[in-house]
Amino acid sequence: MKICMLASTHGPNDGRIFQKEAKSLAKEHEVTIIVPSDGSGSSIADAINIVTVKRPDSIALHPLTLLRLFRACLAQDADVYHCHEPDALLIGVVTKFLKGKRVVYDIHEHWPSEIPYDIGIRNGTLVQKALSAFISSVEIALARRAEITFAVSASVAARFREKGIDPAIISNYSIADLDIPYDPNRSGRKLMFMAGNLQSFHGVGECIQAVSRIRERYPDVSLTLVGNVRETLYECIHESDHNAFITTTGFLPYREMYERLNEGVAGLLVFQPTYYNISIGLPNKLFDYMLLGLPVIASDLPEIRNVVDKADCGILVDPASVGDIVNAISYLFDHPEEARRMGANGRKAVLERYNWSAMEADLLQTYRNLDDAHARPT
């Protein structure tokens, strides 16, 4: 089959879309990705066709991005349009009715809470509640037009299941067969903090305060921030003596990201539950830390707790409490053997359970079933 993966906000190198799903599907199908970027053009990477449309500088011009995506979508004579956001799904559904194609909806986030946050509407306001309700109803209506739905976790799928739609769970587990050296005897006091685009809700400020405080006891501790840093965080990162112990890497390609993380002794994942999507999230960063054998210091939130408790791979904290984060870091530094045991547990859990190969098998089988259903005479 010819599969067109369509995204309205994710970039061409997105971990779930390109590194995992597209590469897996390309083993059996012809795959094209259409996404917004800083410029327009086409290229081929790992046998996947990548088409980019220019993204305007202002978010207010997002409808122009959608128009460009729609035109690029119509130019692709795909059999299936695999959509990654509600507005991408709208394009896919319109294309379905215009060209008689099939649609797959891949639910990454709780979009009714994510979209208002992204456009700057304060959580809990009447405007936010009204917009969230509208987004939810439209998204559910569009999802009913899709032949298949996927969801990143059971928590994200729950809202759809309440409406009679049953998404298959394709979790953001790590790709476990990457040739990354594993060091079971980590030493030193280098903490790692990763996010694609570092924002305040990731808990960067709280982690910086915690590391600054713990330097009184461990002056050699350092913090490496892996990912792009939003301008709003520059002051927090570079104020007073923070430059003495903080390193920023900017965006790193997939393999380089793992190599850099591999230099650390523990991974920080202290997302602040400032809105609902964060509260129910299961970040792929958790599994990346675990794959490398890094013990984690993570927010005590339901999906994260479920993994960390089962794997016994780290310490759960109140993400708003700098003291909790300090105590967790101190515990790992004071008990290096315990830290290594937690790290080994996490790696074992990823290799045995939380790995992409299992998700790949489910993804490919679902597409085989879709192809078979289309091939059978009606």
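When you scan the range 47-56, do you find a residue that is outside any strand (DSSP E or B) and farther than 29 Å from Asp177 by Cβ, even just one?
Of the range 47-56, the ones outside any strand (DSSP E or B) are 47, 55-56.
Of the ones still in play, those that are also farther than 29 Å from Asp177 by Cβ are 55-56.
Yes; the residues of the range 47-56 include at least one that is outside any strand (DSSP E or B) and farther than 29 Å from Asp177 by Cβ.
In summary, Val138 fulfils each of the numbered conditions (1) crowded, with 22+ Cβ neighbours inside 10 Å; (2) outside the structural domain of Glu235 (by TED's automatic domain parsing); (3) touching a Pro at 6+ places or on another chain (Cβ under 9 Å) with the single exception of condition (1). Being in the same structural domain as Leu269 (by TED's automatic domain parsing), surrounded by fewer than 17 Cβ atoms within 10 Å (Cβ to Cβ) and touching an Asp or Glu at 6+ places or on another chain (Cβ under 6 Å) is not true of Asp309. The residue pairs whose first member lies in the range 48-73 and is farther than 30 Å from Met1 by Cβ, whose second member is surrounded by 19 or more Cβ atoms within 10 Å (Cβ to Cβ), and whose beta carbons are closer than 6 Å, counting only pairs six or more residues apart or on different chains, do not exist in this structure.
Residue count for the range 131-165 satisfying the condition of being over 15 Å from Trp111 (Cβ atoms) and more than 23 Å from the chain's Cα centre (by Cα): 5. If the condition is being of a type outside the set (A, V, I, L, M, F, W, C), part of a helix (DSSP H, G or I) and either at pLDDT 95 or above or within 19 Å of the chain's Cα centre (by Cα) (or both), then the range 97-124 contributes Pro112, Ser113, Glu114, Pro116, Tyr117, Asp118.
Looking across the range 141-164 at every residue that is of a type in the set (D, E, K, R) and more than 16 Å from Pro86 (Cβ to Cβ), the one that is surrounded by the fewest Cβ atoms within 10 Å (Cβ to Cβ) is identified as Glu162.
The number of residues in the range 147-185 being at pLDDT 95 or above and in a strand (DSSP E or B) comes to 6. Would you call Leu98 in contact (Cβ under 8 Å) with a residue 24 or more places away in the chain, over 23 Å from Ala133 (Cβ atoms), of a type in the set (A, V, I, L, M) and loosely packed, with under 13 Cβ neighbours inside 10 Å? Yes.
The values are calculated or read from the model by the stated rules, or taken from the named source; none is laboratory data. Remember, it's a predicted structure, so these values are computed and weren't measured experimentally. Cβ: placed from backbone, ideal geometry, glycine included. Neighbour counts: every protein chain shown.
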